[in-house]
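Taken together, the values in this text are just the output of simple stated rules run on the coordinates, not laboratory data. This one's a predicted model, so the numbers in the text were calculated from it and none came from an experiment. Here the Cβ positions follow ideal geometry from the backbone for every residue, glycine too, while neighbour counts run over all protein chains shown.
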Amino acid sequence: MFKYFLILVLIYSSSVNAQDKQLTGIIEGTVLDKETKLPLIAANVMLENSTIGATTDAEGKFVIKSLNVGSYSIKISYMGYQLIIKTDVIVKSSRSTALLIELQPSAYQTEEINVNAGYFTEVEYQTVNSVNFSYEEIRRSPGAAGDVSRIMMSLPSVAKVNDQSNSLIVRGGSPLENAFYIDNIEIPNINHFPTQGASGGPIGVLNVDFINDVNFISGGFSSTFGDKLSSIMDIKFREGNRENIEGQLDFNFAGFGGVIEGPIGNNGSYMLSLRRSYFDLLVKSIDIGTSIPPSYGDYQYKIVYDLNDNNKLSLIGVVSDDHNNPTQKAAIDEDMIYYGPQKIWVHTNGINWQKIWGKIGYSNTSIAFTSNLFNETYYETGSGLFLRKNDSYENELKIRNINYLRLFTDLSITFGADYKWLKSNYNNQYGKYTDALGNATPEVLHITNFDEHKIGLFEEIKVTDFKSMDLSIGLREDYFTYNKRLNFSPRLALNLKVDDVSSIKAFAGVFYQTLPSLLLSQNENNKNLKNTTAYQYILGYERLLTKDLRLTLDLYYKKYKDLPIDPTQPQLFLLDELYYRSGYYFNHEQLISSGSAYTKGIELMLQKKLAENIYGLASVSYSIAKCKSADNIWQNRVYDNRIVATIEGGYKPNNEWEFSLRWVYAGGTPYTPLNISESETLNRAVLDENRINAERYPDYHSLNLRVDKRYHFEHLNIVAYLSVWNAYSRKNIATYFWNETKKEQGTIYQWTLLPIFGVEIEF
């Protein structure tokens, strides 16, 4: 790592005389009505605390030229609309920074009344519990390394589980309860080496340079989203440059690659990203601290074409290709629980059509196809015993239509439909092994085809009294052909404005989710299973302390029923087995819908947008997550941290340097201790069935530091950064395991001190 630091120093030194000439760039963009997507003519776009700016033309477009390179805040205002302030707008040498601004209608006719608003973006289709992150906030976040999932771990609603995993545990929900959307297209997983039947993985797939912004909804989401119980991550990709061809090269923690973008005639643009990991290349020549180098790559694209002023087509693709093949010896050296070859290929390709219906609204209609291919074989590390062979593919054809109509000034309706065709084939073999409780299980061959359909309809009416109240009433109807169950999901959201800077929010709703087809297909009798149900109740308070500082307080209660249980192991909670087992679902016989769970908690968050060179986020939460299996005993869930606290912030003394940090504290998660005598007898891990999740790991805490330096040349822009994860090298425990080689209990630790170097070159 010293050599990388030396490279960083050399880059810094080489730029001493690079900025003798004054370098400039351009800010351009489009201002639209958020509810109709129509352009706003003569909107004011000004640099904050400046007289420099522009007004939008007949197409809602604006250009501000000849700006010195650096960071700016942009104020956008229009009579009858809520003011917006966009921070972290970076002007780069000889490049154009493009912005897409959507203004929300307001009953107030003067922008002066809204001086306390603007820094915090309201989330589409949402009344409560949402947070927005811009591209720059994601890119620079310490401890995130440009990974969109990891920045969410700063939020009080997300439990802290493991440094090596991007699994989002949101308000007590398992990782399979989260949905990810990119421009109206659902992506099953946004991580490399995904967990089949859930979400999560060690490294993110999405190139942050594609992202315009991300809306994260931690609960109480509207009826426009279904078949999930915990959270929605709604990601908006930006459009490529419509004027010039531009490129970017990246070298970072995830690998190396680049982005190219440019115009398609006069009516469109394209973006293409290609990336590849480098660990497998480095291990052949130098010691990087491991003999098990994973190999992975990804590519993404977005093609946009305007058919006319009211119709736009967007083609989107997200593809990942993952390989790993640790040997038994390497697995022993690295304290791995299992080993074997692993090949995973996941891709989603789709097209979205946006239609603007004049002044009354718009619609988005998408068609997408997702294919997940898994080829994995696992063996026990110590004994070499065969565990599982997974040879399967999971395909989905998805159609989604969503329509927004503003019927009156204070009344709007959102409606649409979802359709999914699930076509999967499983050719899985489970070897003879001893289960988590020490019971011998026979060899099982699981070969089946899964061919089913999901149909969803949704409607939502929103009544808006701009001075005092927003009321949303929604309903979903979902039908699953596998179990022939029709579910109705009513949802009610209220936003009561106390004054110009504060509001009280409330939500009550019902949510349903089907189980992964991997589990359902294991036994024909699983057709009798009910869809998992969650009832959510949320009460929140929000206040703008200053124009750039927001306080939020949330109380919530989430009650689960009809969760799947394996009656042969009534003590264990099936949906948590990915954590107390080997990271994948084992074979199960007929399941029953008798499990229950609940989560309740309180969350407090302070979020400061960039102003006066400082930004930050501080949060603390207290929650309780319990579950009840077939033995009728309530027990802790495996990600019940109880207390989670985060402090994150940064300082930009000028347009070149930036310093930031993130400190995280979390209470120790529950675990089931090993039955040492049984484990010694069988020489493999056997849980103590009388103490399920009765013990807790030591508390977790770590500090991440980061420094960024920008360089601008006449036709070149460089960002170099050095980040240090777990700066004081806290030995946080990931798990205890049974070491079959040493025939004793061992400990697997999370990351200790980890320096990360990265360079972004734009040309």
Candidate aspartates and glutamates - alpha carbon under 13 Å from LYS454, same-chain residues fewer than 8 apart omitted: ASP227, GLU396, ASP418, GLU477, ASP478
Positive-end residue of ASN352, LEU155, GLY204, charge dipole of region 130-762 with Cβ unit charges: LEU155
Sequence of TYR296, TYR622, TYR430 once ranked by neighbouring C-beta atoms within 10 Å, starting from the fewest: TYR622, TYR430, TYR296
Ranking of PHE480, PHE659 by count of other Cβ atoms within 10 Å, fewest first: PHE659, PHE480
Pair THR481, TYR665: separation of 7 Å Cα→Cβ label points (nm): 5.4 nm
Two-site FRET efficiency, ASN267 against LYS65, from Cβ-Cβ distance with R₀ of 30 Å, rounded to 0.05: 0.80
Pairs beyond 26 Å (Cα-Cα), from LYS86/LYS497; LYS34/LYS608; LYS34/LYS462; LYS355/LYS608: LYS355/LYS608
Within region 130-762: Cβ-based charge dipole about Cα centre, in debye rounded to nearest 20 (Lys, Arg +1; Asp, Glu -1): 1140 debye
Mean separation of Cα contacts under 8 Å, 6 or more apart, over the residue count of the chain: relative contact order %: 10 percent
Estimated FRET transfer efficiency (LEU457, GLU714; beta-carbon r; R0 60 Å; 0.05): 0.60
ILE245 versus ASP500: modelled label distance in nm, points set 7 Å from Cα along the beta carbon direction: 5.2 nm
Debye intensity ratio in log₁₀ form over the Cα atoms of the chain, taken at each q of 0.05 Å⁻¹: -0.25
Length released on extending from THR409 to ASN311, taking residue separation times 0.36 nm less the Cα-Cα span: 32.9 nm
Label-reachable residues, region 60-77, where backbone N falls under 17 Å from a point 7 Å from THR24's Cα toward its Cβ: 63-72
Under 16 Å from the Cα of LYS600 - aspartates and glutamates, other chains or at least 8 residues apart: ASP554, ASP640
Distance violations [Cα-Cα > 19 Å] among LYS312/LYS359; LYS65/LYS302; LYS389/LYS432: LYS65/LYS302
Given LYS398/LYS558; LYS228/LYS343; LYS160/LYS343, the pairs whose alpha carbons are separated by over 31 Å: none
Karplus 3J(HN,Hα) series, Hz, for region 314-321 with 6.51 cos²θ - 1.76 cosθ + 1.60 (x for Gly, Pro): 10, 9, 10, x, 9, 10, 10, 9
Positive-pole candidate from ILE565, HIS588, TYR379, dipole of the chain, charges at beta carbon: ILE565
Residues ASP499, ASP435, sorted so that the one with the fewest Cβ neighbours within 10 Å comes first: ASP499, ASP435
Top positive-direction residue, dipole computed over region 130-762 with Cβ charges, set TYR665, ASN683, LEU553: LEU553
Stretchable slack from LEU553 to TYR749, in nm (0.36 nm times residue separation minus alpha-carbon distance): 67.2 nm
